[in-house]
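Let me begin by presenting the structure, written as structure tokens, before commenting on it.
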Amino acid sequence: MKVIDRRRSKKSKPKKTFFKNSGIKEIKSEREPVTFSDNLVKNILFLENNQYGVIEYNNLIPEKYNDSVEFMKHGTKRVIGRLEHLASDYTAQDCIRDCLDNTSSGRYSGGIFSIDEGFEFEIKLLNCLEGLQLLYYLHKDKRSALSVDLYDGNSNNVGLDAIVSLSSRTKGKSPYDSIKFSRVPILDNGRKKEILRTLRVEHNCEYRDYDIRRESKHTEDVDLIRRNFCPHEFAAYYSILSSYLDNDERDKAKVMFDMSLFPFPTQLSVDFHKKVEHQTLIQESSDKNPRLLKEGEKEILMWCLVHRLGYEKTFKPERKILEYNWDKSCLPSYSK
């Protein structure tokens, strides 16, 4: 398989305080270490507020990958849905539910929703969570910019077009003013599957672009375009759905949810994510001291959570997603 990488390299940029991950000193501060090498999900969830976890585990990222970056790009992806499987009574979320309830392990670098043989969307669970965190921040911080313009006059035939402007997570950066969704199904009719087939997102940022891959299928070589969803686009999609809820257009919001190509985190997933970011370190035998988790290791841990607890507890929201608690000083234990 030949991979042509057209993505720009991500550079480290200072984030606003709300989005900063804890450093080693912050994680250890006034806490006692708890070491463990198995039952990773359970042990992370069971951490008390006065504890921090140290995962003693070699090669959480499979050894064949040189580093976290290579794993996130080339690692095994879990197929979480195929458009061809959808029917009038079987939605994209139904497909995602069944796939997340049947994972063979947690060592995935992301999920794939296949549109057809030549096009698919890539979904990182970390990006789902970071997108939801961004939307929460935009709604709570009155200085932040968030606007949603909806164009759904011809939604029966071609779906919704929407433009969302939102503030960046990066310090001193102007809002992203052109996240455009086209062909989003919002009506419960016989065309919603075909509308979803033409879904497109226009947005320019360093987190996403297209991968063009040449793969062998049967006896032919075919070009496969893989489109990556970034956190800003998750936040934009969530904000469109929330706009319909705010305007009491629940039928449209329900179709948007049902036909979404990515899962929606629960509070438990948010809490687990916070514990991984702010309460957990890792130490391999080659490490002199415990270190921060890498992006690939965090993605694996999120998939381990799904593998252990299933879709309903991890990615089937039980209440309004804007009501979740993102306070990193509030790290509840699930031991009781």
Practice task
Would you mention how many residues in the stretch 260-274 are of a type outside the set (D, E, K, R) and part of a helix (DSSP H, G or I)?
Solution key: 6
Exercise for the section: Determine which single condition residue 242 fails, assuming it passes every other condition in (1) crowded, with 21+ Cβ neighbours inside 10 Å; (2) over 20 Å from residue 94 (Cβ atoms). Expected result: (1)
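Only one of 81, 106, 110 is under 24 Å from residue 189 (Cβ atoms), touching a residue at least 40 places away in the same chain (Cβ under 8 Å) and within 16 Å of the chain's Cα centre (by Cα). Can you tell me which? Spell out the reasoning first.
Details: 106 fails: under 24 Å from residue 189 (Cβ atoms); 110 fails: under 24 Å from residue 189 (Cβ atoms).
Going through 81, 106, 110 in turn, just one is under 24 Å from residue 189 (Cβ atoms), touching a residue at least 40 places away in the same chain (Cβ under 8 Å) and within 16 Å of the chain's Cα centre (by Cα): 81.
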Exercise for the section: Might you let me know whether the stretch 60-83 holds any residue that is under 24 Å from residue 232 (Cα atoms), touching a Pro at 6+ places or on another chain (Cβ under 6 Å) and not in a strand (DSSP E or B)? Expected result: no
Fill in the blank from the handout: Over the stretch 27-59, the set of residues surrounded by fewer than 14 Cβ atoms within 10 Å (Cβ to Cβ) and part of a loop (DSSP other than H, G, I, E, B) is 29, 30, 37, 38, 39, 49, 50, 58, 59
Exercise for the section: Spot the failing condition for residue 140; the list is (1) touching a His at 6+ places or on another chain (Cβ under 8 Å); (2) free of Cβ contacts under 8 Å to residues at least 40 places away in the same chain; (3) loosely packed, with under 14 Cβ neighbours inside 10 Å, and only one is missed. Expected result: (1)
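Matching residues to (1) basic (Lys, Arg); (2) at pLDDT below 95:
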| position | (1), (2) |
| --- | --- |
| 90 | no, no |
| 94 | no, no |
| 101 | no, no |
| 109 | no, no |
| 116 | no, yes |
| 125 | no, no |
| 142 | yes, yes |
Exercise for the section: Examine the stretch 258-267 for a residue that is out of contact with any Gly (no Cβ under 9 Å at 6 or more places or on another chain), charged (D, E, K, R) and crowded, with 19+ Cβ neighbours inside 10 Å, and state whether such a residue exists. Expected result: no
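The values are calculated or read from the model by the stated rules, or taken from the named source; none is laboratory data. Just so it is clear, the structure is predicted and the values come from calculations on it, not from any experiment. Virtual Cβ from ideal backbone geometry, glycine too; neighbours counted across all protein chains shown.
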